[in-house]
Amino acid sequence: MKKFILFFALLLIGTTVSAQDFVKASDVTVENFAKYLQTKKFKILEKTADFLKIESEDGYPLYLDFDKDKKYIMFNINDGLKDTADEQKKQTLLEKISKLKMIKAVYFQKSNTVQFEYYFWVTGGFSWASLEDAITEFYLYEGDAFNLDTDKIFK
């Protein structure tokens, strides 16, 4: 019986220690995200009712746009292209980037920028750890996109 109680106690402690904070979609607010991300060494550069602009420890910015229906948070950042880059090279680069499954790249001709987008779904809830992982993955995929730029047309 003592072994059973000890086993049960260790099991309970193990699940309590490894349990992640579960965040319900109804708790998704700019303010809650800002508070949490500040504890994880992100700087809050800008905060409005529907978006956050954060900066990583390494100085990389990222926008988090909050869906009004609390279904997702869109991570995005715009990166400029050189004015001298020809349209065919831009198109070729976008085609390469589109093969990266986790992010979407959208070209804006007027500003000559590429916007990288990723949708972090919060419907049904999520853990703070999964948010951190998603932000890290976004930065990694953005880096992968830069590595595909063999013609060096990003600024």
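The values are calculated or read from the model by the stated rules, or taken from the named source; none is laboratory data. These figures come from a predicted structure and were not determined experimentally. So basically every Cβ, Gly included, is an ideal-geometry build from the backbone, and we count neighbours across all protein chains shown.
Here are some notes:
- The one condition from (1) closer than 21 Å to Asp151 by Cα; (2) at pLDDT below 95; (3) not aromatic (Phe, Trp, Tyr) that Thr92 does not meet is (2).
- Test result for Gly125, surrounded by fewer than 17 Cβ atoms within 10 Å (Cβ to Cβ), closer than 23 Å to Leu37 by Cβ and at pLDDT 95 or above: yes
- Each residue in segment 104-135 was checked for being within 30 Å of Asp86 (Cβ to Cβ), among the β-branched types (Val, Ile, Thr) and touching a Leu at 6+ places or on another chain (Cβ under 8 Å), and 2 pass.
- Lys41, sole failed condition from (1) modelled with pLDDT of 95 or more; (2) part of a loop (DSSP other than H, G, I, E, B): (1)
- Within segment 22-43, the set of residues being touching an Asp or Glu at 6+ places or on another chain (Cβ under 8 Å) and β-branched (Val, Ile, Thr) comprises just one member, Val30.
- Sub-7 Å Cβ pairs linking a first residue in segment 102-122 that is touching a residue at least 60 places away in the same chain (Cβ under 8 Å) to a second residue that is aromatic (Phe, Trp, Tyr) and part of a strand (DSSP E or B), at least 6 apart or interchain, are Val122/Tyr72, ordered by first then second residue.
- Residue in segment 61-75 that is touching a residue at least 24 places away in the same chain (Cβ under 8 Å), over 19 Å from Asp27 (Cα atoms), surrounded by 15 or more Cβ atoms within 10 Å (Cβ to Cβ) and of a type outside the set (A, V, I, L, M, F, W, C) present: no
- Qualifying strands (runs of 3 or more DSSP E) (wholly inside segment 45-155; at least 2 residues being of a type in the set (S, T, N, Q) and either touching a Phe, Trp or Tyr at 6+ places or on another chain (Cβ under 8 Å) or on the phi < 0 side of the Ramachandran plot (or both)): 72-80, 113-121
- Subset of segment 34-58 [in contact (Cβ under 8 Å) with a residue 40 or more places away in the chain and among the small types (Gly, Ala, Ser)]: Ser56
- Test for Asp144: is it farther than 29 Å from Thr29 by Cβ and either free of Cβ contacts under 8 Å to residues at least 60 places away in the same chain or hydroxyl-bearing (Ser, Thr, Tyr) (or both): yes
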